[in-house]
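I have placed the structure first, in the form of C-alpha coordinates, so that the comments after it can refer back to it.
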Amino acid sequence: MTKTHEDRWRAFVGAVAPACDALPDLSEADFTKLVDDVGRHGIREAAIYWQPTESDNTGRCLVSGRHRYRANEALGKSPDEVPSRTVFGGNPLDWAVSLDVRRRHLTAVERTSPPRETAKASS
(Lines give C-alpha, C1' and ligand atoms only; values in the text may rest on other atoms or scores of the structure.)
Protein backbone atom coordinates (compact mmCIF):
# COMPACT_ATOMS: atom_id res chain seq x y z
CA MET A 1 0.00 0.00 0.00
CA THR A 2 1.34 3.43 -0.97
CA LYS A 3 1.51 6.04 1.72
CA THR A 4 -0.38 9.24 1.04
CA HIS A 5 1.25 12.64 1.43
CA GLU A 6 -0.51 12.90 4.79
CA ASP A 7 1.01 9.63 5.97
CA ARG A 8 4.53 10.59 4.90
CA TRP A 9 4.74 14.00 6.53
CA ARG A 10 3.03 12.74 9.68
CA ALA A 11 5.48 9.84 9.90
CA PHE A 12 8.34 12.34 9.60
CA VAL A 13 6.89 14.80 12.12
CA GLY A 14 5.87 12.27 14.74
CA ALA A 15 3.44 13.74 17.23
CA VAL A 16 1.13 16.61 16.30
CA ALA A 17 -0.39 18.63 19.13
CA PRO A 18 -4.15 17.91 19.35
CA ALA A 19 -4.87 21.65 19.21
CA CYS A 20 -2.90 21.91 15.97
CA ASP A 21 -4.86 19.03 14.44
CA ALA A 22 -8.16 20.48 15.68
CA LEU A 23 -7.77 23.66 13.64
CA PRO A 24 -9.76 23.66 10.40
CA ASP A 25 -7.94 22.74 7.20
CA LEU A 26 -7.33 25.44 4.64
CA SER A 27 -9.95 25.58 1.91
CA GLU A 28 -8.93 23.89 -1.32
CA ALA A 29 -8.46 27.32 -2.95
CA ASP A 30 -6.30 28.61 -0.09
CA PHE A 31 -4.24 25.41 -0.04
CA THR A 32 -3.67 25.73 -3.81
CA LYS A 33 -2.47 29.31 -3.26
CA LEU A 34 -0.12 28.13 -0.51
CA VAL A 35 1.31 25.37 -2.74
CA ASP A 36 1.84 27.91 -5.53
CA ASP A 37 3.56 30.34 -3.17
CA VAL A 38 5.78 27.65 -1.66
CA GLY A 39 6.67 26.53 -5.19
CA ARG A 40 7.70 30.07 -6.12
CA HIS A 41 9.33 31.26 -2.90
CA GLY A 42 9.95 28.23 -0.71
CA ILE A 43 8.75 27.95 2.85
CA ARG A 44 9.37 31.27 4.54
CA GLU A 45 8.10 30.51 8.02
CA ALA A 46 9.55 27.57 9.95
CA ALA A 47 7.35 24.80 11.30
CA ILE A 48 7.33 24.97 15.10
CA TYR A 49 7.77 22.09 17.51
CA TRP A 50 7.25 22.20 21.27
CA GLN A 51 9.08 20.30 23.97
CA PRO A 52 9.15 20.71 27.77
CA THR A 53 12.81 21.81 28.08
CA GLU A 54 15.95 21.88 25.94
CA SER A 55 17.18 18.69 27.62
CA ASP A 56 13.84 16.85 27.72
CA ASN A 57 12.16 16.04 24.42
CA THR A 58 9.51 13.81 26.02
CA GLY A 59 6.20 14.80 24.47
CA ARG A 60 7.83 16.76 21.64
CA CYS A 61 5.13 17.67 19.09
CA LEU A 62 4.36 19.90 16.15
CA VAL A 63 2.37 22.96 17.21
CA SER A 64 2.41 24.92 13.94
CA GLY A 65 3.14 23.99 10.35
CA ARG A 66 0.99 21.11 9.14
CA HIS A 67 -0.13 23.01 6.01
CA ARG A 68 3.48 23.91 5.24
CA TYR A 69 4.40 20.22 5.40
CA ARG A 70 1.43 19.30 3.20
CA ALA A 71 2.26 22.01 0.63
CA ASN A 72 5.89 20.92 0.54
CA GLU A 73 4.88 17.32 -0.12
CA ALA A 74 2.33 18.36 -2.75
CA LEU A 75 5.32 19.79 -4.62
CA GLY A 76 7.07 16.41 -4.42
CA LYS A 77 9.61 17.55 -1.84
CA SER A 78 10.80 15.70 1.23
CA PRO A 79 9.48 16.76 4.65
CA ASP A 80 13.05 17.21 5.88
CA GLU A 81 13.28 20.25 3.56
CA VAL A 82 10.78 22.17 5.73
CA PRO A 83 12.67 24.51 8.06
CA SER A 84 11.75 24.09 11.70
CA ARG A 85 12.51 25.43 15.12
CA THR A 86 11.68 24.28 18.62
CA VAL A 87 10.11 26.25 21.45
CA PHE A 88 10.47 25.22 25.07
CA GLY A 89 8.27 25.40 28.13
CA GLY A 90 4.68 26.34 28.67
CA ASN A 91 2.36 23.83 27.09
CA PRO A 92 1.68 22.84 23.50
CA LEU A 93 -1.96 23.96 23.65
CA ASP A 94 -1.01 27.54 24.50
CA TRP A 95 1.65 27.59 21.78
CA ALA A 96 -0.74 26.22 19.13
CA VAL A 97 -3.49 28.66 20.09
CA SER A 98 -1.10 31.62 20.11
CA LEU A 99 0.57 30.73 16.82
CA ASP A 100 -2.33 29.46 14.76
CA VAL A 101 -5.54 30.78 16.24
CA ARG A 102 -4.72 34.30 17.29
CA ARG A 103 -2.48 34.99 14.28
CA ARG A 104 -4.41 33.23 11.56
CA HIS A 105 -7.26 34.57 9.45
CA LEU A 106 -10.00 32.44 10.98
CA THR A 107 -13.64 33.35 11.19
CA ALA A 108 -15.02 34.25 14.62
CA VAL A 109 -16.72 30.84 14.85
CA GLU A 110 -13.51 28.97 13.92
CA ARG A 111 -11.53 30.94 16.53
CA THR A 112 -13.93 29.99 19.32
CA SER A 113 -14.43 26.32 18.48
CA PRO A 114 -12.60 23.01 18.83
CA PRO A 115 -8.93 23.52 19.72
CA ARG A 116 -9.26 24.04 23.46
CA GLU A 117 -11.98 21.43 23.96
CA THR A 118 -10.36 18.90 21.61
CA ALA A 119 -6.99 19.24 23.30
CA LYS A 120 -8.53 18.86 26.78
CA ALA A 121 -10.47 15.78 25.71
CA SER A 122 -7.33 14.07 24.40
CA SER A 123 -5.23 14.82 27.52
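The values are calculated or read from the model by the stated rules, or taken from the named source; none is laboratory data. Please read all numbers here as calculations on a predicted model, not as lab measurements. Because the Cβ atoms are built from the backbone with ideal geometry, glycine has one as well, and the counts that use them run over all protein chains shown.
Assorted remarks:
- Counted residues, the range 34-55 - those being more than 15 Å from Ala15 (Cα to Cα) and in contact with a strand residue (DSSP E or B) (Cβ under 9 Å, 6 or more places away or on another chain): 4
- Applying the condition of being among the basic types (Lys, Arg) and not in a strand (DSSP E or B) to the range 44-97 and asking which residue is surrounded by the fewest Cβ atoms within 10 Å (Cβ to Cβ) yields Arg44.
- Thr107 meets all of the listed conditions (1) surrounded by 15 or more Cβ atoms within 10 Å (Cβ to Cβ); (2) among the polar types (S, T, N, Q); (3) at pLDDT below 90 but one, namely (1).
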